[in-house]
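J.: Starting off with a structure, shown below.
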Amino acid sequence: MSMQQDVRRLTAPDLRARKGGEPIVSLTAYHAHTARLADKYCDFLLVGDSLGMVMHGLETTVPVTLDMMILQGLAVIRGSQRALVVVDMPFGTYEASKEQAFLSAARVMKETGCGAIKLEGGRRMADTIRFLVERGVPVMGHIGLTPQSINTIGSFRAQGREEKDWGPIEDDARAVADAGAFSMVIEAVAEPLARRITRAVAVPTIGIGASPACDGQILVLEDMLGLSPRVPKFVKRFGELGPSIERAIAGYAGEVRARTFPGPEHVYGMKAAKDRKEGTR
Ligand code: KIV
């Protein structure tokens, strides 16, 4: 008899249908254990390419590879049961052509079992999004601040803070939705513009630094847990795990040095003759 519980995983169409309804909740996850914890509360888990900065200490997301995304995507799938898992396409794996994007996305889907991919870019990615969706790849868009473009935009700063800059960002949102994306992340965009885009497009908008006007919210898990040393203005720290992890490590180091850990309760004794015969632990 299988001990596995029959839990249906949310799909891209499920999320698409949530437009204008109860806010969509999402966090990033890169590991099986954090995925397991977040799965209960989140509608989707994003295996973001932010893992390059958060897990690997990189300055930007640019060096992240498809292999890194696949390894962590697989871990998140293993750790979760219910949430849709969306895996980010890293820089250089989808921009060159629609065909390149399809081959990379198909690899991610086959090798992780994720339910959707996310890619950055608005109008310039519309043809690619359409090509992928027509071939069975659910796509989440990502507009506003697109961190993979850091080397051309120069800095991670909020977008659309002057009305004169709204047009291109709104056009990006419409292009991504019209191309068939089931949802889109809007990153670091001024509130009135995020509200306007959310009203303008028929698919859910997921805000990160884009105000409560969006249809849902996402944060980088390590940022909201207080594990990241520096966080953007839009992050609220819902926990302060950094100091509490450091206290635990200091306690462990102190006890090892004082020879009070391991204690008798953590030590294996010899098996009694009776147990040896019965093969008990
Ligand atoms: O990589 C990431 O974590 C993301 C979120 C910031 C949306 O793209």
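The values are calculated or read from the model by the stated rules, or taken from the named source; none is laboratory data. All figures in this text were calculated on a predicted structure; none of them were measured in a lab. Note: ideal-geometry Cβ built from the backbone for every residue, glycine included; neighbour counts use all protein chains shown. The protein model used for the area step is the full one, side chains on, heavy atoms only, and it has no ligands, DNA or RNA in it. Shrake-Rupley method; radii C 1.70, N 1.55, O 1.52, S 1.80 Å.
J.: Tell me the per residue accessible area of the chain using a 1.4 Å probe; a whole number in Å² is fine.
T.: The answer is 55 Å² per residue.
J.: Just to be sure I understand: of the beta bridges DSSP finds with both ends in the range 111-268, what percent are antiparallel, rounded to 5?
T.: Roughly 5 percent of the DSSP beta bridges within the range 111-268 come out antiparallel.
J.: Right, something else. How would you order 183-189, 109-115, 56-62 from highest to lowest mean count of nearby Cβ atoms within 10 Å?
T.: Result, highest mean first: 183-189, 109-115, 56-62.
J.: Taking R0 as 35 Å, what's the FRET efficiency between Glu59 and Gln81 from their Cβ-Cβ distance, rounded to 0.05?
T.: 0.50
J.: Here's a follow-up. Restricting attention to the alpha-carbon atoms of the chain, what are Rg (one decimal) and Dmax (integer), both in Å?
T.: Rg then Dmax for the chain, in Å: 22.0, 83.
J.: Which percent of the accessible heavy-atom area of the chain goes to carbon and sulfur, probe 1.4 angstrom? Let's see the in-between values first.
T.: Numbers: 8470 of 15420 Å².
Within the chain, the accessible surface is 55 percent carbon and sulfur.
J.: First select every other residue whose beta carbon is under 11 angstrom from the beta carbon of Lys98; then total the charges, Lys and Arg +1, Asp and Glu -1.
T.: My count for the surroundings of Lys98 gives -2.
J.: Greater than 28 Å separation of Cα atoms is the criterion. Which listed pairs, Lys98/Lys233; Lys98/Lys164; Lys19/Lys118; Lys40/Lys236; Lys40/Lys110, meet it?
T.: The pairs that break the limit, which is 28 Å between Cα atoms, are Lys98/Lys233; Lys98/Lys164.
J.: Same structure again: Ordered by packing density, taken as the mean number of other Cβ atoms within 10 Å over each peptide's residues, highest first, how do 120-128, 7-15 rank?
T.: My ranking of the peptides, most packed first, is 120-128, 7-15.
J.: What is the gain in length, in nm to one decimal, between Arg230 and Ala200 on full extension, counting 0.36 nm per residue of separation less the C-alpha to C-alpha distance?
T.: 7.4 nm
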